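Colleague: Below is one structure. I have some questions about it.
The values are calculated or read from the model by the stated rules, or taken from the named source; none is laboratory data. These figures come from a predicted structure and were not determined experimentally. Cβ coordinates were reconstructed from backbone atoms using ideal geometry, including for glycine residues, and neighbour counts include every protein chain displayed.
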């Protein structure tokens, strides 16, 4: 393939694709060292209980077992957590979910490890568990944590809904429920750790937050932050499930007790289900009121988020969900109440679409319901109320930055999948009913207020004349590493063959926050642009010195060189690299994402993560065919129209959109963490199914460009917004096809058959 | 250490059984090795039949087809004899698992695993296939409906293997149909399935019918009453609906994480209605 | 037990328990980490390798089953340093995101194209239906395989 220049805005192949298609790229799970020990956790197996005792004698006696550790071996607080540190590294007194770890085994090989784990006997005093968040709020409910089962109650409100509902011409009300979703990254949680001679820990781990991991480990185990080095290779998927310590604290603990030997921990798929984090199951009640002409006037909703046994990012997830509960619409009066509740279910945490996936289902179904009641088109009612720049959203925040939901909806309206939908539906074959549904969604970018959304970029001209970017944010597949190469290449005018990137390494790169919240390309990208501009300036000045120019003018970077345009003389970059010391060949710059300036007098309970001020937008359309004999839903066509400012790499943009649609489609049609009193009934890929290549249709992706003036090359992050639309779009399409409103996801064939057989309009 | 034999012939196989009579036999391993590697099963000794060439291949014996038990699903899909003479089986095999599973899994494995959801089973039942079982002591032939006695239970003796399945070409029928209902379009365990063979006269009247359902009972369900209800009339929605009602009484599905019994019962009947458009 | 097979064309011997899961033989005993283990149950396809040219699940094969067989892993696909057209197309058409499923998908695609050099998009989807990808939604993977098929049919130089 010919070498192309790196140009912002141009479809660019992934920088890491070559190593990945040849199998050369090493993920965390591919790393190993000489003489490793394998570490594994004994999981409680019961949802709620007091630990009376643990019998480790047989496990310890097994040949090949190096050590068995318990809570007593944890020197620090024994508490991990991103915001709320409520999760034990090893449970000492009680267990709160089936995946709570009670002991840690180090063994010579995995078979011995498995055997040893089976030999550990825990004497539990079982406690009554609570598995329903509404039950958990009752006074007589078993307490998951001593301080009570309510982790956080919060209210987001603007205007006066009591008066406003009285003023409405039309009011609709409904309830919805969504279950837990599994990230199902193909590379499970894993890491490799060892002690250096100076006693410091080095850990290669599949993580979205290498810099923060150190703090979690340090706080939990009572060691110094700077004694921990975390290396974050490319992840085999993350989607939020590797944001926050998974193996990290256990692995560090193991490394401290391994007699200097390196230790590897790798969760198999079942353990990943049982111990890993999930999307929050949510119950929602909505009431939406409008004027006769469809202008939205009042919104009230109650949202209950089941955060499982530990907080993880539960409050922040709920906060974002509440902030998006009104969708991308102007609603002058809102009362949004949320309860984030502990149960003895598996831990809910961050997952792509972070609380918004759930409330998008609620508000979008309400919009369809209202449209139906008013006799308005589902597109028109959305267009009528869609936010414009300068409007306030349902949290009262003024949208001062790029706001492209209207052009998204207009583009959708002009697409043949919408305009010819009548013809398509009429052509349904025997026993098939066809329907078309739409959804308008948004998703905030960045951390919001209360936490600096910061990145520090470092870029260097190497001795060999290459440009090396020191990446601060993990690349879990979204392609931010490639985006950074593209940006740096654009500014420094080098092609990909002259670029290098170092994946995050707390000893070599700089703290830049987590790979989450759609923020990495924006925040780190902005820092990188500053750093590249400084480096460029420096290199041109140094080249001027080498060319003995009396002023640093008329100089430009070209691939491999600096050229003085007036004279045509050139300085090769590798000569520059060898001539100047390293400290003179680098630039390090920080960028902090701007925050909302509105002092909204609501949501005060949220110390961090509320409100946000940057949003990406999308409008999706789903064409579905329902089989009357089996109830099965086939998505025959799909359109995603997305606005994320300017598009840096059209290929990368489309990759994100396709992937988000596929995950949303799985969420809508087939994915559900099935629980029975806190125990997962489907902790494997046989029982928990995600879409295959035969389940995702051709997805048409159109991007609508605005200019996000504050963004690197005018862009915003769009990693999450696409996951929020498929469920409501498909639910709308199903209703269009069979005249039944489904209120629970996944929208299974069985639920369709039940709803159509029942004769009434709704699913139970 | 677990021993794994890899015999290259039936003679070698009998010697393996002599040495380890309690051996567990497999061919593709797509079912057995899952359980073995995750610890649910703990076979003391394994025998892999993959190298025994005489267990592979499809032969045309005039009015029957003989299918070697260790023929993979992919090989069967590529075999003109199967596609041409046994289309209802061919269609079912296209629905098994995934191409990777089909490249390794065998028809013998599908039969001996005897899952009520085994995709090859409804077609084999309606074609009244017979299984050929061989041990050192000799050969037995048995109708498949007798061979499978319950979920994951067969009449296989110790030190005996399934060597082939004999299928009479269903020449007395002129319409074949198979439908599998799963929760997604690949890598899906059947939730309900139905295989059908019919003979329609030139005026559309049903003269003969053979029907079988999967995943709606401990073994494959056949229903003579439903077949009889179709004979003598056309394949109309009304007649098929009557037969569907009969079928719903005949099936005995369970509820599990994939589907509840009501759904399976309803759909087992509904699938008959697809026959109005099958031709 | 000594097991002898051909790994990417090269004769290879290992001394492992005969029932050792073959993906572990590759990844741990031989340090060949292109094939991944994503589920241990044959449900994700990330362990896909070619055995005598057939795409198989190495997490469901006992080591002894590979005796004498020709095993091709992703590392062996590029002949003499030149990428296979499927690999090239995956780069060009944006079919690689996190890349963890990629080796398995590429090998399944190679097998598909060897059997059917001119597949429709639907046939490509069928051919790859045993390989789960959580990142891509499959669309660009299908684009890439379609393009690779076209290139291979046209006999363009590799």
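Colleague: Go through (1) assigned to a helix (DSSP H, G or I); (2) within 24 Å of residue A:208 (Cα to Cα); (3) in contact with a strand residue (DSSP E or B) (Cβ under 8 Å, 6 or more places away or on another chain) for residue A:360 and report which single condition fails.
Modeller: (2)
Colleague: Another question, if that's okay. Filter the stretch A:84-114 down to the residues that are surrounded by fewer than 18 Cβ atoms within 10 Å (Cβ to Cβ) and in contact with a helix residue (DSSP H, G or I) (Cβ under 7 Å, 6 or more places away or on another chain) and list them by number.
Modeller: Scanning the stretch A:84-114 gives A:85, A:92.
Colleague: Now, a different point. Of everything in the stretch B:45-68, what is assigned to a loop (DSSP other than H, G, I, E, B) and more than 11 Å from chain C (Cβ to nearest Cβ)? Give them in sequence order.
Modeller: B:52, B:56, B:57, B:61, B:62, B:63
Colleague: So which residues in the stretch A:25-40 are out of contact with any helix residue (DSSP H, G or I) (no Cβ under 6 Å at 6 or more places or on another chain) and more than 8 Å from chain C (Cβ to nearest Cβ)? Show your work before the answer.
Modeller: Initially, the stretch A:25-40 is screened for residues out of contact with any helix residue (DSSP H, G or I) (no Cβ under 6 Å at 6 or more places or on another chain), giving A:26-37.
A:28, A:31, A:33, A:34, A:35, A:36, A:37 - these are the residues of the stretch A:25-40 that are out of contact with any helix residue (DSSP H, G or I) (no Cβ under 6 Å at 6 or more places or on another chain) and more than 8 Å from chain C (Cβ to nearest Cβ).
Colleague: Can you find a residue in the stretch A:38-50 that is outside any loop (DSSP other than H, G, I, E, B), in contact (Cβ under 8 Å) with a residue 60 or more places away in the chain and surrounded by fewer than 18 Cβ atoms within 10 Å (Cβ to Cβ)?
Modeller: The answer is yes; a qualifying residue exists.
Colleague: In the stretch A:674-686, is there at least one residue being in the same structural domain as residue A:432 (by TED's automatic domain parsing), at pLDDT 95 or above and under 30 Å from residue A:445 (Cβ atoms)?
Modeller: no
Colleague: Please find, among B:216, B:206, B:251, the residue that is touching a helix residue (DSSP H, G or I) at 6+ places or on another chain (Cβ under 6 Å), under 30 Å from residue A:680 (Cβ atoms), away from chain A (no Cβ under 12 Å) and without any contact (Cβ under 8 Å) to a residue 60 or more places away in the chain.
Modeller: B:251
Colleague: Could you say whether any residue in the stretch A:97-112 is within 14 Å of chain C (Cβ to nearest Cβ), without any contact (Cβ under 8 Å) to a residue 60 or more places away in the chain and either closer than 30 Å to residue C:97 by Cα or not in a helix (DSSP H, G or I) (or both)?
Modeller: Within the stretch A:97-112, none of the residues are within 14 Å of chain C (Cβ to nearest Cβ), without any contact (Cβ under 8 Å) to a residue 60 or more places away in the chain and either closer than 30 Å to residue C:97 by Cα or not in a helix (DSSP H, G or I) (or both).
Colleague: If you check residue A:7 against the conditions, is it farther than 28 Å from residue A:343 by Cα, within 14 Å of chain C (Cβ to nearest Cβ) and part of a loop (DSSP other than H, G, I, E, B)?
Modeller: On the way: farther than 28 Å from residue A:343 by Cα: yes; within 14 Å of chain C (Cβ to nearest Cβ): no; part of a loop (DSSP other than H, G, I, E, B): yes.
No, not satisfied.
Colleague: Looking only at the stretch B:2-23, which residues are away from chain C (no Cβ under 13 Å) and assigned to a helix (DSSP H, G or I)?
Modeller: B:10, B:11, B:12, B:13, B:14, B:15, B:17, B:18, B:19
Colleague: For the stretch C:99-143, how many residues meet the condition of being in a loop (DSSP other than H, G, I, E, B), within 9 Å of another protein chain (Cβ to nearest Cβ) and touching a helix residue (DSSP H, G or I) at 6+ places or on another chain (Cβ under 8 Å)?
Modeller: 11
Colleague: Residues of the stretch B:24-41 being within 11 Å of chain C (Cβ to nearest Cβ), free of Cβ contacts under 8 Å to residues at least 40 places away in the same chain and part of a loop (DSSP other than H, G, I, E, B), which ones?
Modeller: Once the filter is applied, which keeps residues that are within 11 Å of chain C (Cβ to nearest Cβ), free of Cβ contacts under 8 Å to residues at least 40 places away in the same chain and part of a loop (DSSP other than H, G, I, E, B), the stretch B:24-41 yields B:38, B:39, B:40.
Colleague: Would you mention how many residues in the stretch A:271-304 are closer than 30 Å to residue A:190 by Cβ and either buried (at least 22 other Cβ atoms within 10 Å of the Cβ) or modelled with pLDDT under 95 (or both)?
Modeller: Qualifying residue count for the region: 10.
Colleague: Only residues in the stretch A:750-763 that are away from every other protein chain (no Cβ under 11 Å) count as the first member; pair them with residues that are assigned to a strand (DSSP E or B) and at pLDDT 85 or above, Cβ under 6 angstrom, at least 6 apart or cross-chain, and list the lot.
Modeller: So the pair list comes out as A:762/A:741.
Colleague: Only one of (1) within 29 Å of residue B:184 (Cβ to Cβ); (2) at the interface with chain A (Cβ under 8 Å from one of its Cβ atoms) is not met by residue C:75, so which one is it?
Modeller: Unmet condition: (1).
Colleague: Being at positive phi and either out of contact with any strand residue (DSSP E or B) (no Cβ under 8 Å at 6 or more places or on another chain) or facing another protein chain (nearest Cβ under 7 Å) (or both) narrows it down to one residue among C:80, C:53, C:38; which is it?
Modeller: Details: C:53 fails: either out of contact with any strand residue (DSSP E or B) (no Cβ under 8 Å at 6 or more places or on another chain) or facing another protein chain (nearest Cβ under 7 Å) (or both); C:38 fails: at positive phi.
Only one candidate qualifies: C:80.
Colleague: Quick one: in the stretch A:468-484, which of the residues that are over 22 Å from the mean Cα position of the chain (by Cα) and buried (at least 24 other Cβ atoms within 10 Å of the Cβ) is nearest to residue A:652 (Cα to Cα)? Walk me through it before giving the result.
Modeller: Of the residues in the stretch A:468-484, the ones over 22 Å from the mean Cα position of the chain (by Cα) are A:468-470.
Checking the rest, the ones that are also buried (at least 24 other Cβ atoms within 10 Å of the Cβ) come to A:469-470.
Values: A:469: 19, A:470: 21 Å.
Out of the qualifying residues, it is A:469.
Colleague: Which residue is surrounded by the most Cβ atoms within 10 Å (Cβ to Cβ), if the candidates are limited to the stretch A:606-646 and must be assigned to a loop (DSSP other than H, G, I, E, B) and within 14 Å of chain B (Cβ to nearest Cβ)?
Modeller: Restricting to residues being assigned to a loop (DSSP other than H, G, I, E, B) and within 14 Å of chain B (Cβ to nearest Cβ), the top hit is A:631.
Colleague: Shifting gears a bit: Determine if the stretch A:394-405 includes at least one residue that is in contact with a helix residue (DSSP H, G or I) (Cβ under 7 Å, 6 or more places away or on another chain) and part of a loop (DSSP other than H, G, I, E, B).
Modeller: yes
Colleague: Go through the stretch B:80-98 and report how many residues are on the phi < 0 side of the Ramachandran plot and within 14 Å of another protein chain (Cβ to nearest Cβ).
Modeller: Residues meeting the conditions: 6.
Colleague: Could you say whether any residue in the stretch A:434-454 is surrounded by fewer than 24 Cβ atoms within 10 Å (Cβ to Cβ) and without any contact (Cβ under 8 Å) to a residue 12 or more places away in the chain?
Modeller: no
Colleague: Residue B:200 versus (1) surrounded by fewer than 21 Cβ atoms within 10 Å (Cβ to Cβ); (2) in contact (Cβ under 8 Å) with a residue 60 or more places away in the chain; (3) out of contact with any strand residue (DSSP E or B) (no Cβ under 9 Å at 6 or more places or on another chain): which is the lone unmet condition?
Modeller: Failed condition: (3).
Colleague: Moving to a separate point now. Conditions first: (1) out of contact with any helix residue (DSSP H, G or I) (no Cβ under 7 Å at 6 or more places or on another chain); (2) closer than 30 Å to residue A:614 by Cα. Residue A:418 passes all but one, so which condition is the exception?
Modeller: (1)
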